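The values are calculated or read from the model by the stated rules, or taken from the named source; none is laboratory data. For clarity, every value in this text was computed on a predicted model and none was experimentally measured. All Cβ positions, even for glycine, are placed from backbone atoms using ideal geometry, and neighbour counts span all protein chains on display.
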Amino acid sequence: MNQPIPFCLHDLGQEELDAIAEVFAGPILTTGQTVARFEQAFADYLGRRHALGVSSCTGAMHMALLALDIGPGDEVITTPMTFIATSAAILAAGARPVFVDIEADTGNMDARLIEAAITERTKAILVVHLYGLLCDMVAIRRIADRYHLKIVEDAAHCVEGVRQGIRPGQLAEISAFSFYATKNLTCGEGGAVVTDDKVLADRLRLLRLHGMTKCAADRQVEGYQHWDMVTLGWKYNMDNIQAAILLPQMRRLNDKLARRQRLADLYSRELARISNVTVPATRPDAVHARHLYPILVPMAQRDATIQGLAARQIASMVNYRAIHLLTYLSQTLGYKPGDFPVAEQFGERILSLPFYPTMPENHVYRVVDALAAILT
């Protein structure tokens, strides 16, 4: 019998265990010098001035909006083709998500539709780089500047991505990242926020830990000093254990990306023989971060394809159904079927296949053979 093929499998090992042991040997398990070391490494990798480790990408986006003074009565333009956290962060800040439809071939926000969605209440654009392909940030930055809007990036899928020479964080005020269990860079949970603006970085630092002027690591170095609460903040800080897991992976990011690209190329070549499977497009000026390997199948066959793969012990996922039709968001925001038809059709056809750097190539052949049997 064939062994099960998981959807994702981490490649953490002895390096990460040694890094955790180093933290365990010290006095600080929460935010401290290990987090600071990761923040510097992450900022250096992206070419940004400031990076802060946080507890999740959701928290990072929430903090970003608050740091930009976005709140009740404001609107933030974003995409319905994303995980729910993108809109949840906007709602948590007290603002309203305003959706625009997507590019049919990539699933990314269609920059050509943004201007029509701008109103006098619009304060920001929350961009999502879906699956690892950057949106057209040059065009989006041009629109934002024309209308005096801020840009926040949901770069949860896109640490390694590049487009037109632009990297995450380069054309946005603030960018948010995820280190969730399935991400290319992972510590189980966790995230980061980056910016080139020192004033924003200082504000984000307060927002991630209750608005306090001192933290536990400060007290360890300086001894006890009275601290103040100078703004309303949250418990969004990263701890040293999470940072220890991340640091060794920073050295492997580019090698892992190369392996992901080889697997993606193999998938694309083999899937070309199945006529009713389409692979979402990339762009010729882009380095795709290859977080996921999604395909589009006929709408009427998508759910049966998931079940057929499962029957062959092959795991798959849907990333994502158009979120404006999910119960809470449709009831809260008043959207209805047909409002964003491209995203709705995309979300009824999309399917993510097993994909991770250590995936054996023979598993790719087995997945494609299974798809051919199910869909033809």
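At a glance:
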{"item": "Check on residue 12, at pLDDT 95 or above, over 30 Å from residue 371 (Cβ atoms) and either assigned by TED's automatic domain parsing to the domain that holds residue 370 or not acidic (Asp, Glu) (or both)", "result": "no"}
{"item": "Residue in segment 307-334 that is farthest from residue 369 (Cα to Cα), counting only those that are surrounded by 18 or more Cβ atoms within 10 Å (Cβ to Cβ) and of a type in the set (Val, Ile, Thr)", "result": "323"}
{"item": "Yes/no for residue 307 being at positive phi and either touching a Pro at 6+ places or on another chain (Cβ under 8 Å) or not aliphatic (A, V, I, L, M) (or both)", "result": "no"}
{"item": "Breaking point among (1) part of a strand (DSSP E or B); (2) farther than 25 Å from residue 253 by Cβ; (3) not charged (D, E, K, R), for residue 81", "result": "(1)"}
{"item": "Residues (buried (at least 18 other Cβ atoms within 10 Å of the Cβ), aliphatic (A, V, I, L, M) and touching a residue at least 60 places away in the same chain (Cβ under 8 Å)) located in segment 296-306", "result": "297"}
{"item": "Residue count for segment 232-285, restricted to those that are assigned to a loop (DSSP other than H, G, I, E, B), out of contact with any His (no Cβ under 9 Å at 6 or more places or on another chain) and not acidic (Asp, Glu)", "result": "14"}
{"item": "Cβ-Cβ under 6 Å pairs, at least 6 apart or on other chains, segment 52-65 side more than 15 Å from residue 42 (Cβ to Cβ) and in the same structural domain as residue 31 (by TED's automatic domain parsing), far side of a type in the set (Gly, Ala, Ser) and in a helix (DSSP H, G or I)", "result": "58/85; 58/89; 61/89; 62/89; 62/92"}
